[in-house]
Amino acid sequence: MILHKGEVLFRQGESGPLYHIKSGMLKINRLHADGTITLVNIIVPDEIIPHHSLISPNQYYGTAVALVTCEIEVLDPAAWYRDLEDDHKKCREIALLLQSKLRMMQQRIDQLSEVSPAERLRKLQHWFQTFVSVSSLSDVLTQDEIGQLIGLRRETVNRLLRAQANRARE
């Protein structure tokens, strides 16, 4: 299936199949009881989501929205879980998928641990470019979302992006 930028793959609280992201990038937003929305994850090619349902089914934790055009394979949950029971190699495959996600999260923690806000932004931009080619993070994320990913206020992100644009013009 093809999912275009801005289209929703699944919504928080729903139940359904697993998905293999063949290309593209998604964001996972979580709606809180007070109405605020938080960006909780970025999904990249070759991931199978939702991660918390790889071993047993569970409701979707957040809403998955395409950041760019994505090619997605819908995985039959009954066949997926049956294969887990029958093929222990499948369990190793899942462990490797989760290990890969943990390593990606370690990179994200590295971005957050930078002292300089400008360096946090630069590392996030570099990380994004390894998965999708965008001219600016603002093409796929709002300044609030960028700030959520690197622990900065939207105003700080705005100032940093303006400074980058000014340097690029010089």
Total lysine pairs whose alpha carbons fall under 19 Å of each other in the chain (8 or more apart, or interchain): 9
FRET efficiency for Gln99 and Glu170 from the Cβ-Cβ distance with R0 = 35 Å, rounded to 0.05, comes out at 0.25
For region 1-106, what is the accessible area per residue in Å² when the probe is 1.4 Å? 55
Whenever you get a sec, compute what percent of the accessible area on the chain sits on carbon and sulfur atoms (1.4 Å probe). 51
Taking Cα atoms, the helix 77-86 axis meets the longest principal axis of the chain at an angle in degrees (rounded to 10) of 70
Rounded to the nearest 10, the angle in degrees between the Cα long axis of helix 154-169 and the longest principal axis of the Cα atoms of the chain comes to 70
Sorted by mean Cβ packing within 10 Å, highest first, what order do the peptides 124-130, 23-29 take? 23-29, 124-130
Distance between modelled label sites at Leu31 and Lys89, nm, 7 Å Cα→Cβ extension: 4.2
At a Förster distance of 22 Å, what's the computed FRET efficiency of Asp46 paired with Ala78, Cβ-Cβ distance as r, to 0.05? 0.45
How far apart, in nm, are the 7 Å Cα→Cβ label points at Thr38 and Ser23? 3.4
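Where the convex hull is taken over the Cα atoms of the chain, what is its projected area averaged over directions, in nm²?
10.6
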Between the helical axis of 88-112 and the dominant principal axis of the chain, each derived from Cα atoms, what acute angle in degrees is found, rounded to the nearest 10? 10
In square angstrom, rounded to the nearest 10, how much accessible surface does Arg154 have for a 1.4 Å probe? 90
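The values are calculated or read from the model by the stated rules, or taken from the named source; none is laboratory data. Nothing here was measured: the structure is a model prediction, and the numbers come from that model. All Cβ positions, glycine included, derive from the backbone under ideal geometry; neighbour counts span all protein chains shown. Surface areas here come from the heavy atoms of the whole protein model, side chains and all, with no ligands, DNA or RNA. Shrake-Rupley method; radii C 1.70, N 1.55, O 1.52, S 1.80 Å.
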